[in-house]
Amino acid sequence: MFSHLKIYGKIERPLKLLITAEFFIQLVNATFMNLQTLYMTAEHYNKTDIADFISWRFAGVLALTIPLGLFIRGKKVKHFFFISSIGVPLFASMIVYAVHTHNSTFLIVSQLLWGASFTFMQIPVLPFILRHASLETQTPAISLSYSTWSFAGILSAILVYIFSAINPDFFSEGVMLFGISIFSFAGCICLLKMDIEEKPAVVSEEKTAMNPQDWKLIGYATIPALIIATGAGLTIPFINLFFKSVYGMETKIISFWNFIAAFFVAFVALLVPRIKETIGYRIAIPTTQFFAVLALILLATTELYSHIPIAVAIAVGSYVLRQPLMNLAGPMTSEIALKFVGKKNREFTSAIMAAIWSGSWFLGIRFIFGTLSKRGWPFVNIFLTTAALYLFGILLYIFLIRAYGKRKEKGLIEE
């Protein structure tokens, strides 16, 4: 049953260490995604203020992505991973303190620096993997890197559930956020053990110069992500708040269902190489994303009949199904995008993708969600807006997959 997982054992050791370091960074990310809104609610922040403050984290990513993406094109990037492994846990700890003291300026600065630190891992990691993995291990390494978010979510949910069950008064959201942030400094140890001779992608200025064709390819590869990310920014950061506000779920119960969802996400992410081999991008990406949208619609509309006991079961079931279905396509769309644009454009494209996600989440959280909340929009309307954007994004991914196939037939795709 698990014979297909043997391919992960062939991933080069330095890449395994890098992906482990990425896991610790994602552990902070996952924990804050799960608990920060609940922590700020416990500290008496209102829904609009929570959205406003969290948005600055994505503003920090957005501010640095494009300059960093241009700067690292063709350069060695290993030392940048250390900045992320140190900065993310450090500034995450500062966020916890700032929320507790209600120091708005310190909170905004900490969120900005957290986001900026995160980019030093987020942007170069996939181009680095494509640069140093063999052709056989490229897809498994990308899938494993992508699944660090899921595995981090699993561990985070387990820890939150256990600590909440032991003593919810002592192990408050703030204590758990701080403790997991400190624990995640362990990622630095993995990077120190990582012994590899880097291979820069290109060496001459002539080869790194951008031309109109490069911009056309980059635009074609990134616009679908722009649409999907815009929708995600309206929904993903507020799923926990949805369950707490609409159904009154406790933190440990929300964490339990986050664990279940993350487990399935991690499981299907490890299946990506087999799925790619069996049915290919053309079927796998749009099909899984379409069913994920249906699950999101089911989840959203339960708010309309939340007073009926079965509503919470449908909401939880839809959430658990939506997470793996939507995330299954992630490694494949990332691989297509980075191969579609060519070797010399991978770092810059990765930066643009990060800017798109962070920018879209920044706008979605700070302006769109905040504005809609002030106008009294219920969660169902906001989530259905996400579903409409997702459907449009899926259509654009179908066009990208077709264009990728045509370029591959012409021998223009660099493996």
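Some notes on this structure:
Each row is one residue, and each column tells you yes or no for (1) touching a residue at least 60 places away in the same chain (Cβ under 8 Å); (2) under 16 Å from residue 32 (Cβ atoms); (3) among the hydrophobic types (A, V, I, L, M, F, W, C); (4) in a helix (DSSP H, G or I).
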| position | (1), (2), (3), (4) |
| --- | --- |
| 110 | no, yes, no, yes |
| 113 | no, yes, yes, yes |
| 117 | no, yes, no, yes |
| 120 | no, no, yes, yes |
| 126 | yes, no, yes, yes |
| 135 | yes, no, yes, no |
| 148 | yes, yes, no, yes |
| 152 | yes, yes, yes, yes |
| 155 | yes, yes, yes, yes |
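- Of everything in region 106-138 that is more than 19 Å from residue 357 (Cβ to Cβ) and among the polar types (S, T, N, Q), the residue that is most open to solvent (accessible area, probe 1.4 Å) is 134.
- In the set (1) touching a Pro at 6+ places or on another chain (Cβ under 8 Å); (2) exposed (fewer than 15 other Cβ atoms within 10 Å of the Cβ); (3) modelled with pLDDT of 90 or more, residue 185 fails one condition alone, (2).
- Within region 189-207, the presence of at least one residue that is assigned to a helix (DSSP H, G or I), at pLDDT 85 or above and open to solvent by less than 30 Å² (accessible area, probe 1.4 Å) is confirmed.
- Residue 342 vs. criteria of a type outside the set (Val, Ile, Thr), farther than 23 Å from residue 118 by Cβ and modelled with pLDDT under 85: yes
- Those residues of region 263-312 which are aromatic (Phe, Trp, Tyr), closer than 21 Å to residue 399 by Cα and touching a residue at least 40 places away in the same chain (Cβ under 8 Å), in sequence order: 281, 290
- Tally, over region 139-163, of residues that are closer than 16 Å to residue 343 by Cα and either surrounded by fewer than 24 Cβ atoms within 10 Å (Cβ to Cβ) or charged (D, E, K, R) (or both): 1
- Residue in region 394-415 that is surrounded by the most Cβ atoms within 10 Å (Cβ to Cβ), counting only those that are hydrophobic (A, V, I, L, M, F, W, C), in a helix (DSSP H, G or I) and over 22 Å from the mean Cα position of the chain (by Cα): 403
- Residue within region 79-95 that is farther than 24 Å from residue 185 by Cα, open to solvent by 10 Å² or more (accessible area, probe 1.4 Å), at pLDDT 85 or above and not in a loop (DSSP other than H, G, I, E, B) present: no
Condition check ((1) open to solvent by 20 Å² or more (accessible area, probe 1.4 Å); (2) closer than 22 Å to residue 181 by Cα; (3) within 19 Å of the chain's Cα centre (by Cα)) across all residues:
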| residue | (1), (2), (3) |
| --- | --- |
| 10 | yes, no, no |
| 17 | yes, yes, no |
| 24 | yes, yes, yes |
| 30 | no, yes, yes |
| 43 | yes, yes, no |
| 63 | yes, no, yes |
| 74 | no, no, no |
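Results for (1) assigned to a helix (DSSP H, G or I); (2) crowded, with 18+ Cβ neighbours inside 10 Å; (3) at pLDDT 90 or above, shown as yes or no for each residue.
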| site | (1), (2), (3) |
| --- | --- |
| 234 | yes, yes, no |
| 268 | yes, yes, no |
| 281 | yes, yes, no |
| 289 | yes, yes, yes |
| 294 | yes, no, yes |
| 298 | yes, no, yes |
| 313 | yes, no, yes |
| 316 | yes, yes, yes |
| 323 | yes, yes, no |
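- Residue 336, sole failed condition from (1) β-branched (Val, Ile, Thr); (2) under 16 Å from residue 139 (Cβ atoms); (3) not in a helix (DSSP H, G or I): (3)
- Residue list for region 225-252, restricted to those being of a type in the set (Gly, Ala, Ser) and within 16 Å of the chain's Cα centre (by Cα): 225, 229, 231, 232, 233
- Residue within region 96-116 that is among the hydrophobic types (A, V, I, L, M, F, W, C), closer than 26 Å to residue 323 by Cα and out of contact with any Lys or Arg (no Cβ under 8 Å at 6 or more places or on another chain) present: no
- For the condition assigned to a helix (DSSP H, G or I), under 22 Å from the mean Cα position of the chain (by Cα) and surrounded by fewer than 18 Cβ atoms within 10 Å (Cβ to Cβ), residue 54 does not qualify.
The values are calculated or read from the model by the stated rules, or taken from the named source; none is laboratory data. Since the structure is predicted, the reported quantities are computational estimates derived from the model, not experimental observations. All Cβ positions, even for glycine, are placed from backbone atoms using ideal geometry, and neighbour counts span all protein chains on display. For the accessible areas, the whole protein counts, side chains as well, though only heavy atoms, and no ligand, DNA or RNA atoms are used. Shrake-Rupley method; radii C 1.70, N 1.55, O 1.52, S 1.80 Å.
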